[in-house]
Structure formats: C-alpha cells, structure tokens
Amino acid sequence: MTTPTTDSSQSDIDADGRVPDELVAAYREAGFVRVRGVLEPEQVERFRTCAEGFLEAHRAESLEKQGVFSQLVNVWQRDGTLRELTFDRRLGRIAEQLAGFPLRLWHDQMLVKEPHNDAATEFHQDRPYWPHAGDRLPLSAWIALVDVPPERGCMTFLPGTQDRTGLRPQDLHHEDDLFATDPSLRWIPRVTVPLRAGDCTFHSGYTGHMALPNRTDRARLAHVVIYMDEETRYSGTEHIVTDLLGLTAGDRLDGGIFLRPWA
Ligand code: SIN
Ligand code: NI
C-alpha cells in the first residue's frame with residue numbers, strides 16, 4: 001500500500017500548464033479527476049479573502065434557501081478578482097485537455113457550506129438542469145479555497161456514470177432521488193475526494209456526485225467554473241443564466257457571456 005501524501009505544495013501541473021496523460025485517462029474513464037495544486041498558495045490566499053468578502057456582501061442573494069449551501073452565480077460579472085479565477089487560462093486549458101475539444105464558459109458559482117450546515121448536497125448529475133442541446137460532455141472545475149476534508153463537505157463521485165445521459169433532473173435535497181431515477185447506480189462504489197486548498201476536482205456534467213455536510217467551525221468555500229462544449233445550443237428550457245438573454249431554442253450559446261478567455 002502506498003503512503004497517502006499530505007504535502008500541500010504538490011502540483012500535478014507541468015511547466016507547460018498541462019496535466020499528465022494518466023490524469024486525462026483517469027478523467028475519461030471515471031468521469032472525474034483530482035488535480036492538485038491548480039492554484040499557488042498566494043493565489044489561494046488572495047482568492048479566498050476576496051471570496052469571503054464577496055460572500056458577506058451578497059449572501060442574501062443566494063439561490064439556495066434550504067441550507068445545503070450558499071450559491072452565488074456568475075460572480076465573475078461582479079468582481080474583478082473572482083473574474084481572474086473564473087477566466088484562469090491554466091484551468092480553462094486543462095479543462096479542454098480533459099474534455100478533448102474546445103469549451104466555453106457556461107457559468108461560475110461560489111458554493112459555500114456554512115460552518116455546521118449539517119446538510120449534504122445529495123447525489124445528482126449537473127447536466128440535466130441545464131438548457132443545453134447538441135453538446136458533447138461538459139465539465140466543472142470545483143476549486144477548494146480552504147482545506148476541504150470529508151468533515152468540511154468534500155465531494156463524493158460515482159465513477160463511470162458519465163455515460164448515464166437522459167435521466168430527468170434530480171432533487172439534490174433528497175438522498176435517494178438519483179438512485180430512484182436509476183436504481184443501477186445504487187451499488188456503484190463511491191469515491192470521496194478530500195482536497196487541500198488550491199486543489200480541484202473536475203467532474204463531467206453527467207457524473208453522479210454529492211458533497212458531504214460541513215460539520216466543522218470553518219466555512220467550506222468552493223469556487224466552481226462550469227465549461228460547456230463550444231458547439232452547445234440553447235434547448236429552450238428555463239435556467240437563471242439564460243432566462244433574460246432573449247434566446248430562441250436552437251441558438252448557439254456563444255459570444256455575450258459565453259466566453260473563451262483561455263484561448
Ligand atoms: C457542493 O459543493 O455542495 C455541490 C457541488 C456540485 O454539485 O457540483
Ligand atoms: Ni452538482
């Protein structure tokens with residue numbers, strides 16, 4: 001058995017800003033992968049301080065009212081420092097390396113589990129919530145801005161479930177909803193991925209996942225950048241990011257707020 005690493009200075013990213021082929025292969029097989037050290041310690045400090053201030057100022061706008069997390073969407077449009085994080089070239093290029101095709105920004109989210117929130121984000125897939133059509137597999141970068149051990153609310157994944165397209169949207173407040181939707185997922189071994197501050201996981205839009213409750217005295221601060229296939233079209237269904245854009249079903253989601261700043 002190998003000894004688990006606890007070195008917070010490790011990075012999986014090489015001098016060209018790429019991740020090794022093994023991590024790409026792991027993402028393609030399992031539908032998620034951990035990438036250590038996507039942010040330098042000074043960047044973590046700067047983005048975390050900024051995220052904390054932003055949260056204080058905007059907490060009341062959280063989309064989520066049931067205590068699972070505080071959820072602030074498209075923070076890049078309102079804060080220049082957080083925009084740097086969402087637009088980070090290294091992150092965007094790694095996302096394209098993993099996906100294997102060009103991506104655009106779909107949106108970002110600040111997802112905060114308050115101290116002792118004691119509520120899990122229950123198992124779900126992300127892509128069924130989105131008004132997308134004609135797209136290849138999208139993916140999200142979930143970046144830890146503080147250390148996130150299991151007891152602070154790290155993510156747990158269902159490996160290999162990225163091929164389960166076509167399921168209805170699942171209720172992330174109900175423990176059993178994803179499994180009721182597709183009972184074959186119930187017995188898949190689950191993988192829990194603790195992260196050090198500055199590490200991230202990438203997961204595909206169809207990979208089943210949940211986040212554990214925060215049982216600690218410190219807030220769990222995660223910044224999530226969500227990338228979509230550059231070919232993605234609008235499906236016509238409701239979503240907070242697209243509702244006010246005056247789109248017609250079939251329109252391509254490009255230009256405007258759907259940028260590619262890492263290109
Ligand atoms: C969470 O961080 O609580 C959930 C993240 C996700 O569903 O992608
Ligand atoms: Ni999710």
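The values are calculated or read from the model by the stated rules, or taken from the named source; none is laboratory data. Small disclaimer: the values here were computed from a predicted structure and weren't measured. So basically every Cβ, Gly included, is an ideal-geometry build from the backbone, and we count neighbours across all protein chains shown. Just the protein is used for accessible areas: all its heavy atoms, side chains included, with ligands, DNA and RNA removed. Shrake-Rupley method; radii C 1.70, N 1.55, O 1.52, S 1.80 Å.
Below are the figures for this structure:
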{"quantity": "Residue 28 accessible area, 1.4 Å probe, all protein chains in place, Å² to nearest 10", "calculated": "130"}
{"quantity": "Protection proxy ranking, peptides 39-48, 217-226, average beta carbon neighbours within 10 Å, highest first", "calculated": "217-226, 39-48"}
{"quantity": "Highest to lowest packing among 158-166, 227-235, scored as the average C-beta count within 10 Å", "calculated": "227-235, 158-166"}
{"quantity": "Largest-first ordering by accessible area, 1.4 Å probe, given options 201, 248", "calculated": "248, 201"}
